[in-house]
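Remarks on the structure that follows.
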Amino acid sequence: MTRKLFGTSGIRGSITEKTTAGLALNLGRALGTFLKGEGTVGIGTDARTSREMLRNGLVAGVLSTGTDVMDLGIAPMPAVAHCSQISGISASVIVTASHNPATDNGFKFFTGGREFIRTEESVIESCVAEHRYLAADWDSCGRVQSLEIRGQYLKYLKEFLLKRGTRSKGTKVLLDLANGAAINYTPSLLLDMGFSVTTMNSHQDGHFPGRPAEPSPENLRDAMKMAASSDFAVTLCHDGDGDRLAVIDERGEFIDQNRVIALFARNEVERAGGGIVATSIDTSSVIDELVTASGGQVTRMPLGSLQEFFVSDKGKDV
């Protein structure tokens with residue numbers, strides 16, 4: 001029986017029990033086999049202490065099939081996902097456990113700018129379970145090069161944001177960067193857009209010394225106190241790999257993340273003049289209220305299956 005490795009958001013777990021160096025090697029071999037020993041895989045990591053061990057295992061596995069690797073270094077998860085739609089990149093993987101404790105790590109797979117869908121994950125799982133891997137000959141192993149994605153990804157983000165509104169030059173923003181992967185990205189983006197930026201927990205450290213990786217209200221008390229006692233217009237807080245965003249207002253109060261998602265969705269619907277917003281089943285009904293009031297529709301998907309919707313015929317219209 002094929003062992004299910006993927007959860008609702010990639011593969012995560014303890015590096016001594018689940019996401020071991022041996023699994024990293026076999027996942028790399030399975031991914032290269034999935035790609036038929038061709039193309040190039042972009043591989044990035046967050047800042048966890050186990051990142052090099054797992055990245056090196058993953059890289060070795062991919063190379064053993066004849067598939068090439070682009071080393072992306074430490075990068076936020078959205079940047080690694082974006083890399084998978086760059087010309088010449090067949091797929092990308094980030095070594096990360098997102099907001100999990102420092103003892104964990106994991107892997108998330110992308111292609112064409114989206115996460116792997118379940119059928120693609122099943123191929124990886126089958127290869128690992130059956131030890132069914134391509135093996136390149138001595139003269140056809142893959143090769144490793146480095147790819148600097150930071151500049152092009154920040155350029156993409158800036159253009160995306162500028163299309164969605166104006167900003168007041170010099171607006172003061174506090175960033176809590178969680179000692180994570182977004183440290184070299186988010187401050188640079190906001191400074192380039194004219195914001196006045198103050199940072200905290202802004203050196204990369206996989207022990208997460210400033211606070212736990214998850215940006216929950218309990219973990220953001222220091223940021224909330226700093227926001228309440230200063231004149232920041234807004235405080236933005238990341239998790240370990242930069243794919244989560246928690247927002248604190250000018251009074252130092254945590255804004256419910258369901259409301260943040262709903263506000264973003266409403267703005268996109270208003271900008272597009274309608275349309276469908278796809279979200280997961282655990283999102284609050286506030287998104288329905290704001291989206292429908294703005295002329296849009298909401299469709300809900302099971303946890304971990306939004307990418308299935310986006311590759312469907314209906315999802316192509318979103």
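Screening the stretch 275-312 for residues that are assigned to a loop (DSSP other than H, G, I, E, B) and touching a residue at least 60 places away in the same chain (Cβ under 8 Å) and picking the one that is farthest from the chain's Cα centre (by Cα) gives 311.
Does at least one position in the stretch 175-190 carry a residue that is farther than 24 Å from residue 47 by Cα and outside the structural domain of residue 61 (by TED's automatic domain parsing)?
First, the residues of the stretch 175-190 that are farther than 24 Å from residue 47 by Cα: none.
Checking the stretch 175-190: not a single residue is farther than 24 Å from residue 47 by Cα and outside the structural domain of residue 61 (by TED's automatic domain parsing).
Picking from residues in the stretch 116-147 that are at pLDDT 95 or above and charged (D, E, K, R), the one that is farthest from residue 192 (Cα to Cα) is 130. Exactly one residue among 241, 222 is touching an Asp or Glu at 6+ places or on another chain (Cβ under 6 Å) and not in a strand (DSSP E or B), and that residue is 241.
Each row is one residue, and each column tells you yes or no for (1) surrounded by fewer than 23 Cβ atoms within 10 Å (Cβ to Cβ); (2) at positive phi; (3) among the hydroxyl-bearing types (Ser, Thr, Tyr).
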{"site": "75", "(1), (2), (3)": "no, no, no"}
{"site": "85", "(1), (2), (3)": "yes, no, no"}
{"site": "90", "(1), (2), (3)": "yes, no, yes"}
{"site": "120", "(1), (2), (3)": "yes, no, no"}
{"site": "125", "(1), (2), (3)": "yes, no, no"}
{"site": "137", "(1), (2), (3)": "yes, no, no"}
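Could you list, in sequence order, all residues of the stretch 7-36 that are part of a loop (DSSP other than H, G, I, E, B) and either crowded, with 22+ Cβ neighbours inside 10 Å or modelled with pLDDT of 95 or more (or both)? Show your work before the answer.
The first filter runs over the stretch 7-36 and keeps only residues part of a loop (DSSP other than H, G, I, E, B), leaving 8-9, 15-20, 35-36.
Residues satisfying the conditions are 15, 16, 17, 18, 19, 20, 35, 36.
For the stretch 37-54, a residue qualifies if it is buried (at least 24 other Cβ atoms within 10 Å of the Cβ) and either in a helix (DSSP H, G or I) or outside the structural domain of residue 19 (by TED's automatic domain parsing) (or both), and exactly one does: 54.
Only a single criterion out of (1) under 17 Å from residue 241 (Cα atoms); (2) surrounded by fewer than 12 Cβ atoms within 10 Å (Cβ to Cβ) is not satisfied by residue 149, namely (2). Evaluating residue 251 against the criteria (1) surrounded by 14 or more Cβ atoms within 10 Å (Cβ to Cβ); (2) in the same structural domain as residue 172 (by TED's automatic domain parsing); (3) more than 24 Å from the chain's Cα centre (by Cα); (4) in contact (Cβ under 8 Å) with a residue 24 or more places away in the chain leaves one unmet condition, (1).
The values are calculated or read from the model by the stated rules, or taken from the named source; none is laboratory data. Remember, it's a predicted structure, so these values are computed and weren't measured experimentally. All Cβ positions, even for glycine, are placed from backbone atoms using ideal geometry, and neighbour counts span all protein chains on display.
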